[in-house]
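Down below is the structure, laid out as structure tokens.
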Amino acid sequence: MKAYWNNRRAILVRAYSIHPEFQGKGVASKSIKMLDTFLSDHFKDKNEMILAVNHQNIVAQHVYKKGGFLDTGVHVTGRIGEMLILHKFLGQSAWDAE
């Protein structure tokens with residue numbers, strides 16, 4: 001994470017996915033909101049979430065942005081191609097992020 005983000009109080013979210021059986025049912029949107037609360041409650045020294053999403057995964061980008069994540073403008077090359085780095089301050093609603 002140090003290579004593309006300098007907030008030492010940020011937590012990196014990795015391998016976030018929803019089982020195909022539950023995709024398209026709002027599970028991802030609800031779980032993103034729950035993740036914010038969980039991290040705020042259990043990682044009190046953290047103030048921000050960071051994640052990388054493949055630039056071709058438009059559906060995931062939409063879910064993350066709907067949940068309050070913002071595109072940092074930082075792009076990195078991952079194992080499967082270009083990744084967008086998104087972030088969200090913990091405790092910030094999706095409305096605050098806009």
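What follows is calculated from the coordinates using simple rules that are stated; it is not laboratory data. None of these values were measured; they are calculated from a predicted model. Cβ atoms come from the backbone with ideal geometry, glycine included; neighbour counts cover every protein chain shown.
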Original post:
Which ³J(HN,Hα) values, rounded to whole Hz and listed in residue order, are derived for segment 37-54 from phi using the Karplus coefficients 6.51, -1.76 and 1.60 in 6.51 cos²θ - 1.76 cosθ + 1.60 with θ = phi - 60°, glycine and proline given as x?
Top reply: 5, 4, 5, 4, 6, 9, 10, 5, 7, 9, 10, 7, 9, 10, 8, 10, 9, 4
Subject >> Point-charge dipole on Cβ atoms (K/R +1, D/E -1) for the chain, about Cα centre, debye to 20 >> reply: 200 debye
**OP:** Would you compute, from DSSP H runs of 4+ residues alone, the mean residue ellipticity of the chain at 222 nm, taking -39500 (n - 2.57) per run and dividing by the full residue count, rounded to the nearest 500?
**Re:** -8500 deg cm²/dmol
**OP:** Positive end of the charge dipole of the chain (Lys, Arg +1 and Asp, Glu -1 on Cβ, about the Cα centre): tell me which of Gly73, Phe43, Gly24 has its Cα farthest that way.
**Re:** Phe43
Original post:
What is the set of long-range amide H partners of Tyr4 at a cut-off below 5 Å, with H atoms built 1.01 Å from backbone N?
Top reply: none
**OP:** Quick one: what are the phi-derived ³J(HN,Hα) couplings along segment 75-80, Karplus 6.51/-1.76/1.60 with θ = phi - 60°, whole Hz, x for glycine and proline?
**Re:** 10, 10, 9, x, 4, 10
Original post:
How high is the relative contact order of the chain, given as a whole-number percent (alpha carbon pairs under 8 Å, six or more residues apart)?
Top reply: 29 percent
**OP:** Using θ = phi - 60° and the Karplus relation 6.51 cos²θ - 1.76 cosθ + 1.60, list the HN-Hα couplings for segment 5-18 in order, rounded to whole Hz, with x at every Gly or Pro.
**Re:** 8, 10, 7, 6, 9, 7, 10, 8, 9, 10, 6, 7, 8, 10
Subject >> Kirkwood-type radius of the chain, with distances r between different C-alpha atoms, in Å >> reply: 13.8 Å
